[in-house]
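Chemist: Quick one: this structure, given as structure tokens, is what I'll be asking you about.
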Amino acid sequence: MEDTMITIPVIALRGLTVLPAMTVSFDISRSRSIAAVEKAMVSDQKICLVTQKDPEDQNPTLEQLNHIGVIAHIKQLVKMPGGIVRVMVEGINRAELLALDSEEPAMIGEVFETEETEPDVDYATGEAMLRVLKEKVTEYGRQHPKFAKEVMPNIQAIDDLEHLMLQIAGELSWDYTVRQEYLDAVDATGRYEVLIRNLVNEIAISQIRREFQEKVKESIDKNQKEYILREQMKIIREELGDDPVSDADEYEKQLKALKAGKEVKDKLRKEIERFKGMPGGSQEGNVLRTYIETLLELPWSKQSKDNNDLKHAEEILEEDHYGLEKVKERVLEYLAVRTLTKKGSTPIICLVGPPGTGKTSIARSVARALNKRYVRISLGGVRDEAEIRGHRKTYVGAMPGRLVDGLRDAGVCNPLMLLDEIDKVSSDYKGDTSSALLEVLDGEQNVRFRDHYVEVPIDLSNVLFLATANTTQTIPGPLLDRMEVIEVNSYTENEKFHIARNYLVGKQLERNGLTEKQVVISDGALKKMIHNYTREAGVRNLERRIGDICRKAAREFLEDKKTVIRVTENGLEKYLGKEKITFEDANESDEIGIVRGLAWTSVGGDTLQIEVNVMPGKGELKLTGQMGDVMKESAQTALTFVRSICPEYQVEDDYFAKHDIHIHIPEGAVPKDGPSAGITMATAMFSAVTGQKVKASVAMTGEITLRGRVLPIGGLKEKILAAKMAHIKTVLVPDKNRSDIAELSKEITKGLHIVYVSNMKEVLQEALA
């Protein structure tokens, strides 16, 4: 090595170390640095570059500079905006800064320039160093593909140790302190040790980093990625100045405001703590989120203030519905008891009756009268127990049962809950729905109703349950026993008339954009519509017929520019066509073997004309007209009774052995069943056998026994109405049905002669002409 002492401009670099043979660009802005460059440019364009020990120093002294630097040749100067000068230099030789002249404006230094000579190691050692460096650089390149592609080929082609070390020190992305350490080394061995030590460190760090990344990559799944993204979003919000409130914090805030018992709050608090530990967006976290939100939305102790004004409740019930006296009476009784006791047990009422009689709509009126929230739960076709009790929350897509869902929708714990079509629930392999309803509809048990999803007991004792059904036959006994059954019977024609006049006509006019002044439907038209165009227990079809008239009237109103349209009894055919329903009146004359019976159907009562013919034969009994098993047995019983009393009426002993008896009930396409036609068939058979005529003005109903006793039957109101429509004058009913007749309004029994019978002797006495 040859050393030369020179005086040269000096630039103090911040965070940068330049090596010999290294070309680099950097920006300078300090006045002394710019002056040094300008001074160098007017001479030989050489400058000394040394690195500051502390990059923050603005005017470093000799002690604040590294003494070993580099002599560089200025290759290019570019003036940038803002007083910045960009300098491109190429390092030439090492240099040691010995002194610094404080002459302004540039820094001038006394430096020793050291020219590179051959390495101070023997050939074998140099070759070993060369090979080790190349191996380590190759290993480094495996972990840094970009370096391997762009730099490695040049390095591998170098065979000179000093040149190789300079190239490695300049090309690798070291920190500037490593390059300074390389410069500070006084011989080849020292420089080699600096490079090899830092190379090994870089390789180890890269190896550890890669292993760590692989482990992290294996452990991070989709949900964890979402979590990372959410955390990043949270940081972004914070940077933007937003105040992010976590879901858990919001739930805790809602929990404090929740009106609920200690058990509920403890459960919620525990679940919220679990939720805090869940990774955001995880499947279990979403399940827990839904569960917590469901519990927070339930009205545990939140109640609506009911209206206890009896007069107000009665006015609303009368305003919305005509008839249904028993239902209204029971609701007002409940209200009166609760007003006196301040609490009172909430009744569980089941309204049973034919379709279209206002069972569902009366529930809405009761809710309005009591100022209760109204919730309707349709049970028709429900066959899964989980619909009532909910699914356990461990299942995917789990949700609470319909009752809890209804409470959540109502927002209070004391709504009116209508269980519609309770007679149509069914069961399958998933459980019995009716059995699940037992706990709900038991006033002693529903204080702590347990839904599978909620898992916390829910108090249903404040809920006013109203159930509707078309029949009690399909409701299991234990479930029926828990409800207070109120029968909603068929409407009479007079009741239908009042309902149509007071409610249906106005409703349909409004629905079709008409007023009562534009369309006038006469009373006679309504009565004819009820009698000859509809046949039902309720008023649904009647409302449809009124709707038909309103639609045709609306068209006529627009096309013919009429101001008033009057619908009369005689003009009804124009709007509704020919009469759809005809009633079979009582026969004009008394006949043998023909007796008028009374039947109950799902659309009201009906009359059945039972016909009996006797013909020579072998003593067979033929039954036609789609009779059910119970009716067939009634026919056999009636025949046995008739045979037992015939000797008293001079009938030959072998008469039944030589004659066949055929019983037929017309309308053979319609299935018929039940025991209530027993006395009718017995009377018809007795008439046919003895040849005595039966009064055409008499109809009858009742079950018969082998000894001729008459047993009570059901559906009496509908049967009496059917008799009245058929213009029957005398109706024979079982003596044990006196209480049922007493409950009927005078409107129904007016014009009818009701005769109570307890045995067949009394029946024959009244029926035979």
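Chemist: Output the number of residues of segment 10-36 satisfying the condition of being farther than 19 Å from Ala169 by Cβ, among the hydrophobic types (A, V, I, L, M, F, W, C) and either at pLDDT 90 or above or in contact with a strand residue (DSSP E or B) (Cβ under 6 Å, 6 or more places away or on another chain) (or both).
Modeler: Result for segment 10-36: 6.
Chemist: Let me ask something else about it. Would you check which residues across segment 621-641 are in contact with a strand residue (DSSP E or B) (Cβ under 9 Å, 6 or more places away or on another chain) and assigned to a helix (DSSP H, G or I) and list them?
Modeler: Matches in segment 621-641: Met631, Lys632, Ser634, Ala635, Gln636, Thr637, Ala638, Leu639, Phe641.
Chemist: Name the residue that is farthest from Leu255 (Cα to Cα), counting only residues in segment 281-306 that are outside any loop (DSSP other than H, G, I, E, B) and of a type in the set (Asp, Glu).
Modeler: Pass one, segment 281-306, residues outside any loop (DSSP other than H, G, I, E, B): 283-297.
Applying the additional criterion that residues be of a type in the set (Asp, Glu) yields 284, 293, 297.
Working: Glu284: 21, Glu293: 10, Glu297: 10 Å.
For segment 281-306, the residue satisfying everything is Glu284.
Chemist: Another one. Determine whether Val121 is free of Cβ contacts under 8 Å to residues at least 24 places away in the same chain, surrounded by 15 or more Cβ atoms within 10 Å (Cβ to Cβ), of a type outside the set (D, E, K, R) and touching a Leu at 6+ places or on another chain (Cβ under 9 Å).
Modeler: Answer is no for this residue.
Chemist: Within segment 320-339, which residues are open to solvent by 80 Å² or more (accessible area, probe 1.4 Å) and either touching a residue at least 40 places away in the same chain (Cβ under 8 Å) or outside any helix (DSSP H, G or I) (or both)? Break it down stepwise before answering.
Modeler: Let us first name the residues in segment 320-339 that are open to solvent by 80 Å² or more (accessible area, probe 1.4 Å), namely 325-326, 329, 333.
Result: Lys326, single match.
Chemist: Sticking with this structure for a sec: Looking only at segment 393-410, which residues are touching a helix residue (DSSP H, G or I) at 6+ places or on another chain (Cβ under 9 Å), in contact (Cβ under 8 Å) with a residue 60 or more places away in the chain and farther than 11 Å from Tyr291 by Cβ?
Modeler: Val404, Arg408
Chemist: So Asp159 fits all but one of (1) charged (D, E, K, R); (2) under 22 Å from Gly69 (Cβ atoms); (3) outside any helix (DSSP H, G or I); what number is the exception?
Modeler: Every listed condition holds for Asp159 apart from (2).
Chemist: Identify, please: which residue in segment 503-557 is of a type in the set (Asp, Glu) and farther than 25 Å from Asn470 by Cβ and is, among those, nearest to the chain's Cα centre (by Cα)?
Modeler: Filtering first and then ranking leaves Glu510.
Chemist: Here is a follow-up. Condition check: open to solvent by 20 Å² or more (accessible area, probe 1.4 Å), acidic (Asp, Glu) and within 23 Å of His452 (Cα to Cα). Does Glu273 satisfy that?
Modeler: Numbers: open to solvent by 20 Å² or more (accessible area, probe 1.4 Å): yes; acidic (Asp, Glu): yes; within 23 Å of His452 (Cα to Cα): yes.
It is true that Glu273 is open to solvent by 20 Å² or more (accessible area, probe 1.4 Å), acidic (Asp, Glu) and within 23 Å of His452 (Cα to Cα).
Chemist: Which members of segment 603-633 meet the condition of being in contact with a Pro (Cβ under 6 Å, 6 or more places away or on another chain) and open to solvent by 70 Å² or more (accessible area, probe 1.4 Å)?
Modeler: Result: Gln626, single match.
Chemist: Across segment 508-541, which residue is nearest to Val564 (Cα to Cα) among those that are polar (S, T, N, Q) and open to solvent by 20 Å² or more (accessible area, probe 1.4 Å)?
Modeler: Of segment 508-541, the ones polar (S, T, N, Q) are 508, 512, 515, 518, 522, 532, 534, 541.
Subset that is open to solvent by 20 Å² or more (accessible area, probe 1.4 Å): 512, 515, 518, 522, 532, 541.
On the way: Asn512: 15, Thr515: 10, Gln518: 5, Ser522: 13, Asn532: 25, Asn541: 25 Å.
Within segment 508-541, the match that is nearest to Val564 (Cα to Cα) is Gln518.
Chemist: Still on this structure, please answer the following. Collect the residues in segment 8-53 that are among the hydroxyl-bearing types (Ser, Thr, Tyr) and either part of a strand (DSSP E or B) or over 19 Å from Thr114 (Cα atoms) (or both), keeping them in residue-number order.
Modeler: Within segment 8-53, Thr23, Ser25, Ser29, Ser31, Ser33, Ser43, Thr51 qualify.
Chemist: While we're here: From Lys552, Lys574, Lys562, which residue is outside any helix (DSSP H, G or I) and either open to solvent by less than 50 Å² (accessible area, probe 1.4 Å) or over 29 Å from Thr730 (Cβ atoms) (or both)?
Modeler: Working: Lys552 fails: outside any helix (DSSP H, G or I); Lys574 fails: outside any helix (DSSP H, G or I).
The match here is Lys562.
Chemist: Would you point out the residue of segment 236-264, among those that are open to solvent by 90 Å² or more (accessible area, probe 1.4 Å) and modelled with pLDDT of 75 or more, that is nearest to Pro457 (Cα to Cα)?
Modeler: Ranking the qualifying residues of segment 236-264, first place goes to Glu263.
Chemist: Ser739 is checked against (1) exposed (fewer than 15 other Cβ atoms within 10 Å of the Cβ); (2) touching a residue at least 40 places away in the same chain (Cβ under 8 Å); (3) of a type in the set (Ser, Thr, Tyr) and fails just one. What number does that condition carry?
Modeler: The one condition Ser739 does not meet is (2).
Chemist: While we're here: Within segment 671-679, is there a residue that is outside any strand (DSSP E or B), open to solvent by less than 40 Å² (accessible area, probe 1.4 Å) and farther than 21 Å from Leu621 by Cβ?
Modeler: No, segment 671-679 contains no residue that is outside any strand (DSSP E or B), open to solvent by less than 40 Å² (accessible area, probe 1.4 Å) and farther than 21 Å from Leu621 by Cβ.
Chemist: Of all the residues that make up segment 133-154, how many are over 14 Å from Met22 (Cβ atoms) and open to solvent by less than 70 Å² (accessible area, probe 1.4 Å)?
Modeler: Residues meeting the conditions: 13.
Chemist: Quick check, is Lys217 at pLDDT 70 or above, within 27 Å of Thr294 (Cβ to Cβ), out of contact with any Asp or Glu (no Cβ under 7 Å at 6 or more places or on another chain) and among the basic types (Lys, Arg)?
Modeler: Judged against the criteria, Lys217 is not a match.
Chemist: Among the residues of segment 340-355, which ones are part of a loop (DSSP other than H, G, I, E, B), open to solvent by 30 Å² or more (accessible area, probe 1.4 Å) and at pLDDT below 80?
Modeler: The answer is Lys342, Lys343, Ser345, Thr346.
Chemist: Is it the case, given these coordinates, that Gly358 is open to solvent by 10 Å² or more (accessible area, probe 1.4 Å), at positive phi and either without any contact (Cβ under 8 Å) to a residue 12 or more places away in the chain or of a type in the set (Lys, Arg) (or both)?
Modeler: Considered against the rule, which asks whether it is open to solvent by 10 Å² or more (accessible area, probe 1.4 Å), at positive phi and either without any contact (Cβ under 8 Å) to a residue 12 or more places away in the chain or of a type in the set (Lys, Arg) (or both), Gly358 comes out as no.
Chemist: Out of Thr701, Thr749, report the one residue that is touching a strand residue (DSSP E or B) at 6+ places or on another chain (Cβ under 6 Å) and among the polar types (S, T, N, Q).
Modeler: Going through Thr701, Thr749 in turn, just one is touching a strand residue (DSSP E or B) at 6+ places or on another chain (Cβ under 6 Å) and among the polar types (S, T, N, Q): Thr701.
Chemist: Another question, then. Ile720 is checked against (1) within 26 Å of Ile748 (Cα to Cα); (2) buried (at least 18 other Cβ atoms within 10 Å of the Cβ); (3) free of Cβ contacts under 8 Å to residues at least 60 places away in the same chain and fails just one. What number does that condition carry?
Modeler: The one condition Ile720 does not meet is (3).
Chemist: Pick from segment 723-736 the residues that are in contact with a Phe, Trp or Tyr (Cβ under 9 Å, 6 or more places away or on another chain) and touching a residue at least 40 places away in the same chain (Cβ under 8 Å): which of them is surrounded by the fewest Cβ atoms within 10 Å (Cβ to Cβ)?
Modeler: By that ranking, first place goes to His727.
The values are calculated or read from the model by the stated rules, or taken from the named source; none is laboratory data. Quick caveat, the model's predicted, so the values are computed rather than measured. Note: ideal-geometry Cβ built from the backbone for every residue, glycine included; neighbour counts use all protein chains shown. Accessible surface areas use protein heavy atoms only, side chains included; no ligands, DNA or RNA. Shrake-Rupley method; radii C 1.70, N 1.55, O 1.52, S 1.80 Å.
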